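Engineer: Below is a structure I'd like to ask you about.
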Amino acid sequence: MNIPEVLHVPDESGHFGEFGGKFVPETLMPALEELEENYQRYRLDREFQQELAYYLREYSGRPTPLYYAERLSAEIAKKAGADKRRLKIYLKREDLNHTGAHKINNALGQVLLALRMRKRRIIAETGAGQHGVATATVCAKFGLDCVVYMGAEDIKRQALNVFRMKLLGAEVRPVYSGSRTLKDATNEAIRDWVTNVDDTHYIIGSVVGPHPYPAMVRDFQAVIGREAREQCLKQVGRLPDYVVACVGGGSNAMGIFHPFIPDSSVKLIGVEASGKGLETQENAASLTLGRPGVLHGSRSYVLQTEDGQIREAYSISAGLDYPGVGPEHAYLRKTGRAQYLAVTDEQAVEAFCLLSEVEGIIPALESSHALAVLPQLVQNAAETNNDELVIIVNLSGRGDKDVQQVAEYLQGKPELVKEGTKVG
Amino acid sequence: MAKERLEKTFAALAAKNETALITYITAGDPSLEQTKLLVETLVAGGADIIELGVPFSDPLADGPTIQKAALRSLKIGTTLKKVLDLVTELRADRNSLASQIPIVLLLYCNTIFSHGEDRFPADAVAAGVDGIVVPDLPPEEGTALRREARRNGLAVIPLVAPTTPPARLKTLVAEGSGFIYYVSVRGVTGAREHLAPDLAENIARIRRASSLPIAVGFGVSKPEHAVQIGRLAEGIIVGSAIVRIIEEYSGEEILGKVRKFAGELKAGLKERTI
């Protein structure tokens, strides 16, 4: 693996090696070109960057802490049979952002760009509702019209976020096609964009979609990794051994990974949702089980049938319930720079409960997937490291939105409810 | 044959002062057997070119009518392989009106990539397909597909949109063959009340950039539209309005209604003035 090569993606045509690209109806091509032009211009524009930094700081509350989770570290060490003095787990507290997740980083960046492109109507897709809320929030803040497409199934699962979006003045349009989740909401958002391209900007919520979205969203989210790297150097005195993040489309993971890519000693671990198990049809592990294909405008790993039909994904976490994955993740996996694992609903819920119990932090179900992989990671790392083991987990969002669903899940799985746990 | 069959059809129509009626149906909706009958019915009704949709789970460029048709077709297990077999059958029956008609497939790029980008053009031509329309494959992508299509004489029909700027228009038409598919509205497929106001202007713009025949699609759904477009372009493409008949009626009734509708559309296309 050649680090400089891994860093300089995508190329001019938007490809990350064989992945990425632009696979969209011709009607959208000029809009993508316009977006790319503007993005290239403003990413180097000092005034734009200062304005973005201002809102990230004053409106969203950045920088978010890099928090040493001492009791979690001890619990994980115990589970892994490792020396607890040696394990230090740090949480990058993206859950403390305004609106409760990392999604606001990208929504702020894109809305500032939309204002400069004079687009007064904003559309977005949402799965768990976090990106929809973030988009509705920035639209309220800047006085723009906002339409959010959301799968009818997700609307049921995430009633709280639906109400938040409406409160923020957005129109939430339910999508009844296909599996009625994030994939279908994205189709519908793209169809809206094709229809209203002249006055509308589409704020894609993840590192997916046609070029320049995967690169642009990554760059807006890279603030997570830049902060975490600096904080780690300051607080620990060295770089971490591992950086761990959950991957649905993969924006929080790309955001925290990207600044660490040149640091070859830092292992990057993405965690996908294996839902009810990799051996079942009900999972969302695109990198683990998918094969290269085109979904939503770019080529990446996709869960699909032999005939090239996109399979319906499944995960307890609406934000990971997606049959594709950002093309740069496909590239990082192929080049070996990042490694991807998968955890089940059950493992994620266990981690959800554990973090709540030992740290007083209720994580999003999405982020719980990243936490769930820790025992396994520590176990495998235990023998290879003499020094202490430093792991950063991107706590991409908070779990308030998920408590109802977890309560229902635990009712069906009494064996997961520990004595003294007051959930359910 | 392939792309020459398209060229000959347009030349023959031009000689008669007629505009081509290009009809779209989704293959396998409601069944592959029924699709075969529908193709013959459309040809009997006046269709000059048949466009067969290969169903895809996530058809980004399609509105609700064709989305639902794709779902119906997928539900009964339609695959690209089965659609190619269907075309082979249509070609094999020499007595059938459909054996000589140009057939164009509309399919999304993942279907092609899943089949094998290199292999697909040869397999399509072997089955009797003359051209393809791929709504999510701009000329920047699919290099191997285009190379193999050229080698096998399969027309890759370029899509031009109302938003296409002049410089890009040149690239699009230079890459394409068969005819130009002009997407006349911003949006997805689906019947619409009125034609776009900038239609004539944009067709004139395309005509200055290319000598390929121009066919107008998206939103074209009524005999009045046929009359209006017939004065401007070499072809009209009607899809959702036919698919809706298939959705609303059943059995024999579908064939009768479809044949009548094709006839009404074609009636408006016989006095070309361009």
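Laboratory data are not the source of any read-out in this text; all were calculated from the coordinates shown. Please read these numbers as outputs of a predicted model, since none were measured by experiment. With ideal geometry, Cβ positions are generated from the backbone for all residues, glycine too; neighbour counts draw on all protein chains shown.
Engineer: It is to be established whether one or more residues within segment A:334-353 are among the charged types (D, E, K, R) and in contact with a Gly (Cβ under 8 Å, 6 or more places away or on another chain). I'd like the intermediate steps shown before the answer.
Structural biologist: Within segment A:334-353, the subset among the charged types (D, E, K, R) is A:334, A:337, A:345-346, A:350.
Next cut, in contact with a Gly (Cβ under 8 Å, 6 or more places away or on another chain) only: A:334, A:345.
Yes, segment A:334-353 contains a residue that is among the charged types (D, E, K, R) and in contact with a Gly (Cβ under 8 Å, 6 or more places away or on another chain).
Engineer: Looking at A:Lys84, A:Lys79, which one is within 30 Å of A:Gly237 (Cα to Cα), touching a Pro at 6+ places or on another chain (Cβ under 8 Å) and surrounded by fewer than 17 Cβ atoms within 10 Å (Cβ to Cβ)? Explain how you work it out, then say what you get.
Structural biologist: Details: A:Lys84 fails: touching a Pro at 6+ places or on another chain (Cβ under 8 Å).
Selected residue: A:Lys79, the only one of A:Lys84, A:Lys79 that is within 30 Å of A:Gly237 (Cα to Cα), touching a Pro at 6+ places or on another chain (Cβ under 8 Å) and surrounded by fewer than 17 Cβ atoms within 10 Å (Cβ to Cβ).
Engineer: Can you tell me which residue in segment A:274-284 is nearest to the other protein chains (Cβ to nearest Cβ), limited to those that are in contact with a Phe, Trp or Tyr (Cβ under 8 Å, 6 or more places away or on another chain) and crowded, with 24+ Cβ neighbours inside 10 Å?
Structural biologist: A:Ala284
Engineer: Go through (1) in contact with a Leu (Cβ under 7 Å, 6 or more places away or on another chain); (2) part of a loop (DSSP other than H, G, I, E, B); (3) more than 13 Å from every other protein chain (Cβ to nearest Cβ) for B:Asp136 and report which single condition fails.
Structural biologist: The one condition B:Asp136 does not meet is (3).
Engineer: Tell me, which helices (runs of 4 or more DSSP H) lie completely within segment A:1-81 with 2 or more residues that are within 14 Å of another protein chain (Cβ to nearest Cβ) and not polar (S, T, N, Q)?
Structural biologist: Working: elements: A:3-7, A:29-42, A:46-58, A:70-80.
Hits in segment A:1-81: A:29-42.
Engineer: B:Asn17 fails exactly one of the following numbered conditions: (1) surrounded by fewer than 19 Cβ atoms within 10 Å (Cβ to Cβ); (2) in a helix (DSSP H, G or I). What is the number of that condition?
Structural biologist: So B:Asn17 meets the others, but not (2).
Engineer: Can you list the helices (runs of 4 or more DSSP H) lying wholly within segment A:159-270 that have 3 or more residues being under 24 Å from A:Ile310 (Cα atoms) and in contact (Cβ under 8 Å) with a residue 60 or more places away in the chain?
Structural biologist: Values: elements: A:159-167, A:182-195, A:213-235, A:251-257.
Ranges flagged: A:182-195, A:213-235, A:251-257.
Engineer: Taking segment B:42-83 on its own, how many of its residues are more than 17 Å from the chain's Cα centre (by Cα) and either facing chain A (nearest Cβ under 10 Å) or part of a strand (DSSP E or B) (or both)?
Structural biologist: Residues meeting the conditions: 11.
Engineer: I'd like to verify a number: residues in segment B:84-131 that are part of a helix (DSSP H, G or I) and of a type in the set (D, E, K, R), how many?
Structural biologist: So the answer is 4.
Engineer: Related question: Hey, could you check segment A:288-300 for residues that are touching a residue at least 60 places away in the same chain (Cβ under 8 Å) and within 13 Å of A:Arg333 (Cα to Cα) and say which is farthest from the other protein chains (Cβ to nearest Cβ)?
Structural biologist: We begin by selecting, within segment A:288-300, every residue touching a residue at least 60 places away in the same chain (Cβ under 8 Å); these are A:292, A:294-300.
Filter once more, so that each one left must be within 13 Å of A:Arg333 (Cα to Cα): A:292, A:300.
Details: A:Pro292: 8, A:Ser300: 11 Å.
Here the residue is A:Ser300.
Engineer: Can you list residue pairs whose Cβ atoms sit under 7 Å apart, with the first residue in segment B:110-125 being more than 13 Å from chain A (Cβ to nearest Cβ) and the second being among the acidic types (Asp, Glu) and surrounded by 19 or more Cβ atoms within 10 Å (Cβ to Cβ)? Count only pairs 6 or more apart in sequence or on different chains.
Structural biologist: Once the first residue is more than 13 Å from chain A (Cβ to nearest Cβ) and sits in segment B:110-125, its partners that are among the acidic types (Asp, Glu) and surrounded by 19 or more Cβ atoms within 10 Å (Cβ to Cβ) give B:Asp118/B:Glu148; B:Pro121/B:Glu148; B:Ala122/B:Glu148.
Engineer: If you take the residues in segment B:160-184 that are surrounded by 24 or more Cβ atoms within 10 Å (Cβ to Cβ) and aliphatic (A, V, I, L, M), which one is farthest from the other protein chains (Cβ to nearest Cβ)?
Structural biologist: This residue is B:Ile180.
Engineer: Please go through (1) surrounded by fewer than 24 Cβ atoms within 10 Å (Cβ to Cβ); (2) without any contact (Cβ under 8 Å) to a residue 40 or more places away in the chain for A:Met117 and return the number of the only condition it doesn't satisfy.
Structural biologist: Of (1) surrounded by fewer than 24 Cβ atoms within 10 Å (Cβ to Cβ); (2) without any contact (Cβ under 8 Å) to a residue 40 or more places away in the chain, only one is false for A:Met117: (2).
Engineer: Here's a follow-up. If B:Leu195 passes every condition in (1) closer than 20 Å to B:Ile25 by Cα; (2) more than 13 Å from the chain's Cα centre (by Cα) but one, which one does it miss?
Structural biologist: (1)
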